[in-house]
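The values are calculated or read from the model by the stated rules, or taken from the named source; none is laboratory data. Since this is a predicted model, take the numbers as computed values, not measurements. We place every Cβ from the backbone using ideal geometry, glycine too, and count neighbours over all the protein chains shown.
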Amino acid sequence: MKSILKFTILILLCIVFFILNLLLGTVRIPVDAVVRTLFGDDSVQEIWRNIILSSRVPQALTATVAGAGLAVSGLQMQTVFRNPLAGPSVLGISSGASLGVAFVVLLSGSLGGVALSRLGYLGDAAMSVAAIVGALAVMALILFVSQRVKGNVTLLIIGVMIGYLATAVIGVLKFFSADEDVKAYVVWGLGSFARVSGDQMMLFVGLMTCLLPLSALLSKTMNLLLLGDYYASNLGLNLKRARLLVISSSGILVAIVTAYCGPIMFIGLAVPHLCRALFQTSDHRYMMPATMLTGAALALVCNLLARMPGFEGALPVNSVTALIGAPVIASVIFRRHQSIE
């Protein structure tokens, strides 16, 4: 009964924060105008309808599925590596996406003479494709290595090294790129739920809606992985196959979210710890839906804070996620230190 109550509260929080994302923003719109717009009333001011339908609704939907995806990815990484500080970017997949975008954005002005940031929708589409290609390329490399490396720690170190290598290449590209291209890349790297709209938003939400339930099917496999390699293999689990499936699931979720929203930090790292503290369990049958709901709610809160009413413009999402996620990670480290002592 306690778990049912907690899940009910999480669902209600998601609904409340979603509604607040539609009602609040830099432009004050009456509640009745928002409701009438959502029900298709064309008598509402056109500028209000455009803000609600073209900005607030896509942002809220994007934040919901992106937060859920990053949270599930973080849970999968922490489980497969049995490391509480492992996150979605631990294998360098986010770095691969960043490298893909860097090649397209930073070289476009140097080689083509036209900054990608000036191409509007075409430029955004090119950045999304580049991010997906970069992320999937790194994930393919990681999966190839995982078939030849037995230890999780070795795989983790290789992922970190890939991240460092990608960062080094990006630094070189920045040095030889035009200022306008560098600025466009830096803005992409700050992360935003406002970048996805129209057909892109429908595709993104559709992909994540399909992938998240598929990720939940790995709950039993992840529960066995928690027991350790020896007990899991004795219970009939194929460790190589299980690790491959979990890493693939996590990598694809990160790749798609990073491609559309940029590298969003701390949500995947912090949310699994919040859920473990809330539900007092490591059973993935509870943790999977809990992390989805908590990740969605937290992303909606971050998006709301990033465009606070009365604040001109919008803060970078990563600035807000860091303010929330960093204290959670610090508390985890502190608790582990106390338990060791």
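Table for the structure above
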| quantity | calculated |
| --- | --- |
| Test: T62 is on the phi < 0 side of the Ramachandran plot and at pLDDT 90 or above | yes |
| Selection within segment 204-243 - modelled with pLDDT under 85 and either more than 26 Å from V149 (Cα to Cα) or not aliphatic (A, V, I, L, M) (or both) | G228, D229, Y230, Y231, S233, N234, G236, N238, K240, R243 |
| Among the residues listed as L244, L253, L278, the single one being in a helix (DSSP H, G or I) and buried (at least 17 other Cβ atoms within 10 Å of the Cβ) | L253 |
| Qualifying position, being buried (at least 22 other Cβ atoms within 10 Å of the Cβ), touching a Ser or Thr at 6+ places or on another chain (Cβ under 6 Å) and not basic (K, R), among A270, A259, A297, A290 | A259 |
| Among (1) surrounded by 18 or more Cβ atoms within 10 Å (Cβ to Cβ); (2) in a helix (DSSP H, G or I); (3) at pLDDT 80 or above, the one test that G325 misses | (3) |
| Residue within segment 294-309 that is at pLDDT below 80, of a type in the set (A, V, I, L, M, F, W, C), in a loop (DSSP other than H, G, I, E, B) and under 16 Å from F193 (Cβ atoms) present | yes |
| Residue within segment 44-55 that is modelled with pLDDT under 90 and in contact with a Leu (Cβ under 9 Å, 6 or more places away or on another chain) present | yes |
| Qualifying residue in segment 91-102 (condition: of a type in the set (S, T, N, Q), in a loop (DSSP other than H, G, I, E, B) and under 30 Å from L141 (Cα atoms)) | no |
| The lone exception for I11 - which of (1) within 20 Å of I256 (Cβ to Cβ); (2) in contact (Cβ under 8 Å) with a residue 40 or more places away in the chain; (3) among the hydrophobic types (A, V, I, L, M, F, W, C) it fails | (1) |
| Hey, A277 in contact with a Lys or Arg (Cβ under 7 Å, 6 or more places away or on another chain), of a type in the set (A, V, I, L, M) and modelled with pLDDT under 85 or not | no |
